[in-house]
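A.B. asks: One structure coming up, written as structure tokens, with questions to follow.
The values are calculated or read from the model by the stated rules, or taken from the named source; none is laboratory data. As the structure is a computational prediction, the values presented were derived from the model and not from experiment. When we count neighbours, we look across all protein chains shown, and the Cβ atoms used for this are built from the backbone with ideal geometry, even at glycine. Areas reflect the complete protein model, heavy atoms only, side chains present, ligands, DNA and RNA absent. Shrake-Rupley method; radii C 1.70, N 1.55, O 1.52, S 1.80 Å.
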Amino acid sequence: MDDRILAMCELSNDLLFQKIPPERMGYYVDGALEAGRTAAAQFRGTDIRSLYQSGGIRIYRGGTGKKGYGVVLRGQATMSPEGCSVELYPDSIEELARHSGWEGRRLTGEEATEVHLAHEFFHIWEYQQHKSIVEELEGVVSFSLLGLKRHSHINRCGEIAAHAFAKELLSLPCLPNLYDYLYLIDTGKMARGDFEELCSRMERLLLGEDARYAVEGGAK
Ligand SMILES: [Zn+2]
């Protein structure tokens, strides 16, 4: 499945999604995907657990995964100047793996763990490098009144970048947020048709932008 469409699905979860002008969707999606891929390029071929070891990042095994807002947590990263760590919830990760079937194959528990570790590693890496793709990308106008404008960053771009990082580092066939959707569909929490509808809506948004590019490109 196309990375840009899955990235758009993630972007659509941003609280400020409606504030993004349609022609700017590609800017956020492509910028975030690129940031994740570029970061992964320097670690390619290195085992994710070795990256944790050499980065001094501890991995804890937590409980069953707390449920909040109907979302099952698979793990949580803690970042502080004193050190960084990731707490994993093996039961939730196993459950995700069990419901991750796609094109005749599903993740093993260990693979699902690695996906999660790679995702969190990106956030920790950004923290340690004092980098933030969310802040590097331009903000949107989130509030405007009488010439007064407030600009805000699009936080979900950090998630898109972390998905792209995990995909690249682990050579996954798709952006790993697809597994979250597969889980929701397989456990009856989301209708497959609704996911397909979401994907085509996201594609249309992106294509609208592409069409405008084409017009501009043709005019030069
Ligand atoms: Zn994340």
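A.B. asks: I'd like to check one number: the per residue accessible area of the chain, probe 1.4 Å, reported in Å² as a whole number. Please report the intermediate quantities before stating the final value.
C.D. replies: Working: 11960 Å² over 220 residues.
In whole numbers, the chain has 54 Å² accessible per residue.
A.B. asks: Provide the FRET efficiency to the nearest 0.05 for the Ala41-Glu196 pair, computing r from the beta carbons and using R0 = 45 Å.
C.D. replies: On the way: r = 32 Å, r/R0 = 0.72.
So the FRET efficiency works out to roughly 0.90.
A.B. asks: Under the rule of at least 5 residues apart or a separate chain, name every residue whose amide H is placed under 5 Å from the amide H of Ile59.
C.D. replies: The list, which skips near neighbours in sequence, is Val86.
A.B. asks: Using θ = phi - 60° and the Karplus relation 6.51 cos²θ - 1.76 cosθ + 1.60, list the HN-Hα couplings for region 15-24 in order, rounded to whole Hz, with x at every Gly or Pro.
C.D. replies: Once θ is set to phi - 60°, the couplings for region 15-24 become 4, 9, 3, 5, 8, 7, x, x, 6, 9 Hz.
A.B. asks: Follow-up. Please report the equivalent ellipsoid semi-axes of region 72-148, computed as sqrt(5 x eigenvalue) of the Cα gyration tensor, largest first, in whole Å.
C.D. replies: Working: eigenvalues 215, 76, 27 Å².
Taking √(5λ) for each eigenvalue gives 33, 19, 12 Å, largest first.
A.B. asks: Of the heavy-atom accessible surface of the chain (probe 1.4 angstrom), what whole percent is carbon and sulfur?
C.D. replies: Values: 6040 of 11960 Å².
Its accessible area is 51 percent carbon and sulfur atoms.
A.B. asks: For region 143-152, in order, what is each residue's ³J(HN,Hα) by Karplus, 6.51 cos²θ - 1.76 cosθ + 1.60 with θ = phi - 60°, in whole Hz (x at glycine and Pro)?
C.D. replies: The phi angles translate into 7, 8, 8, 6, x, 8, 10, 10, 9, 10 Hz.
A.B. asks: So, one more: Using 0.36 nm per residue, how much length does the chain from Ser152 to Glu136 gain when fully extended, once their Cα-Cα distance is taken away? Present the calculation step by step, with values, prior to reporting the outcome.
C.D. replies: Numbers: separation 16, 0.36 × 16 = 5.76 nm, distance 1.18 nm.
The Ser152-Glu136 span can extend by a further 4.6 nm.
A.B. asks: Let me ask something else about it. Determine, from the Cβ-Cβ distance of Asp91 and Arg49 and an R0 of 35 Å, the FRET efficiency 1/(1 + (r/R0)^6), rounded to the nearest 0.05. Mind showing how you got there, number by number?
C.D. replies: Details: r = 20 Å, r/R0 = 0.57.
E between Asp91 and Arg49, to the nearest 0.05, is 0.95.
A.B. asks: Still on this structure: If I histogram all Cα-Cα distances within the chain using bins 10 Å wide from 0, what percent of pairs lands in each bin?
C.D. replies: 8, 30, 36, 20, 6, 1
A.B. asks: Given Leu169, Cys84, Gly147, which one lies farthest toward the positive end of the charge dipole of the chain, if we put +1 on the Cβ of every Lys and Arg and -1 on the Cβ of every Asp and Glu?
C.D. replies: Gly147
A.B. asks: Would you mind putting 167-173, 114-120, 42-48 in packing order, based on average other-beta-carbon counts within 10 Å, highest first?
C.D. replies: Working: 167-173: 18.1, 114-120: 24.6, 42-48: 12.0.
Per-residue mean Cβ counts within 10 Å order the peptides as 114-120, 167-173, 42-48.
A.B. asks: Give me, ordered by chain and number, the residues 5 or more places off Arg106 or on other chains with an amide H under 5 Å from its own placed amide H.
C.D. replies: none
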